[in-house]
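Every number here is computed from the coordinates shown, using simple stated rules; none is lab data. What you see is a predicted model, and the numbers here were worked out from it, not measured in a lab. Backbone-built Cβ (ideal geometry, glycine too); neighbour counts: all protein chains shown.
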Amino acid sequence: MLAGVNLGPAGSDVKRPAWYPTRRMTAPGRRYFEEIEVGEEYESPGRTVTETDIVLFAGLSGDYNVLHTDAELMRRSIFRERIAHGLLGLAIQAGLLSRATQPYATLAFVGLRWKFKGPIKIGDTIRVQARVTAKRETSKPDRGLVTLERKILNQRDEIVQEGETDLMVERRRP
Amino acid sequence: MRPVSRLYFEDVVLGETVETPAMTITEAHRSLYEGLTSDTATEPGRVPDLLALCVATGLGWRTARPALVVLAFMGLEWEIVQPLGVGATIHGRSRTATKRPLREGGFLVEEHEIVDQRGEVIQRGRFSFLVSKRPTAGAA
């Protein structure tokens with residue numbers, strides 16, 4: 001859909017076509033701060049992490065650490081094989097959860113506290129369980145902070161990664 | 001040929017600042033990242049926040065300092081200070097804040113910042129790692 005559209009660097013004067021959303025997309029169904037309740041739970045679909053995912057991620061990030069790229073060396077390691085980059089798991093998690101939930105009216109991703117607890121290996125199928133644990137008003141009346149607790153589970157229901165993320169979510173305009 | 005030089009737990013100097021080369025985040029990065037992960041930017045024309053973090057960790061391997069022998073990435077505490085537009089050029093800056101020897105290997109906490117072409121901090125936080133100790137003589 002966006003093929004051929006060059007937005008140029010941030011703050012540049014590149015003209016956007018008229019149909020291109022200039023600011024926040026106001027798609028219907030985005031959930032505002034007031035509509036999100038503490039205790040809501042979400043579960044994502046599963047996704048099988050493949051060798052291709054790891055190779056592409058190494059190329060994209062530039063992280064070619066042997067943990068992710070040297071099959072021979074890793075065969076002799078405690079993991080017995082190459083493992084996915086921790087941040088690949090974190091990024092796939094973000095994508096999986098976005099497929100599981102009605103989107104929030106998110107203004108910004110504020111931060112996270114995250115633990116890598118176990119390896120994600122080639123062929124593992126991961127999914128995400130998440131729960132809204134806190135909502136906090138901020139000094140700005142048009143937004144609030146939503147905290148989600150998230151877990152990545154593998155096909156054996158082992159928690160491979162877990163943590164909390166903070167999102168700044170728009171309030172419904174009065 | 002000389003063997004690749006590596007940095008072990010014992011070699012890590014507390015407080016020493018390490019700077020990475022810079023990289024321009026293009027539409028190709030954004031597109032590949034979004035296709036691979038299905039994680040997207042909050043607004044059009046922006047770099048997904050986690051993509052900047054992923055690129056910064058890759059840049060971290062391209063410093064003058066030899067590569068650290070990482071056994072495991074344990075976790076991170078991370079703050080997104082401001083959004084990044086496609087076309088921005090970022091680099092990383094880090095220093096080791098904590099060093100604790102374990103029976104096998106050692107535990108490190110590194111403070112990291114992602115800085116853009118204006119010198120402004122875009123994201124920052126702390127990474128914790130389990131790293132290898134220098135192999136004793138006789139071992140490979």
Whole-Hz couplings from phi, Karplus 6.51/-1.76/1.60, listed for the stretch A:85-91; x for Gly and Pro: 4, x, 6, 5, x, 4, 6
Can you give the local net charge around B:Pro48? Use residues other than it whose beta-carbon is closer than 10 angstrom to its beta-carbon, Lys and Arg +1, Asp and Glu -1. -1
Just to check I understand the Karplus step: with θ = phi - 60° and J = 6.51 cos²θ - 1.76 cosθ + 1.60, what whole-Hz values come out for the stretch A:148-164, glycine and proline as x? 10, 9, 10, 10, 9, 10, 9, 5, 9, 6, 7, 7, 9, 8, 7, x, 10
Over all directions, how big on average is the projection of the convex hull of the alpha-carbon atoms in the stretch A:34-170, in square nanometres? 8.7
Can you run phi through the Karplus equation (6.51, -1.76, 1.60; θ = phi - 60°) for the stretch B:43-59 and list ³J(HN,Hα) in whole Hz, with x for Gly and Pro? 9, x, x, 9, 8, x, 4, 5, 5, 4, 5, 5, 5, 5, 5, x, 4
Could you list the residues of the stretch A:100-135 with an amide nitrogen less than 17 Å from a label point located 7 Å from the Cα of B:Ala67 in the Cα-to-C-beta direction? none
Sort the following peptides by mean Cβ neighbour count (other Cβ atoms within 10 Å, averaged over residues), highest first: A:60-71, A:42-53. A:60-71, A:42-53
Enumerate the amide H contacts of B:Val81 below 5 Å, restricted to partners 5 or more residues apart or on another chain; note that Pro and chain-start residues carry no placed amide H. B:Gln123, B:Arg124
Relative contact order of the stretch A:34-170, please, whole-number percent, based on alpha carbon pairs below 8 angstrom and at least 6 residues apart. 30
Once you treat every alpha carbon in the protein assembly as shown as an equal point and sum by Debye, what is log10 I(q)/I(0) at q = 0.07, 0.11, 0.12, 0.16 Å⁻¹? -0.29, -0.72, -0.86, -1.49
Modelling each spin label as a point 7 Å along the Cα-to-Cβ direction, I'd like the B:Asp11/B:Arg118 distance in nm, to one decimal. 3.8
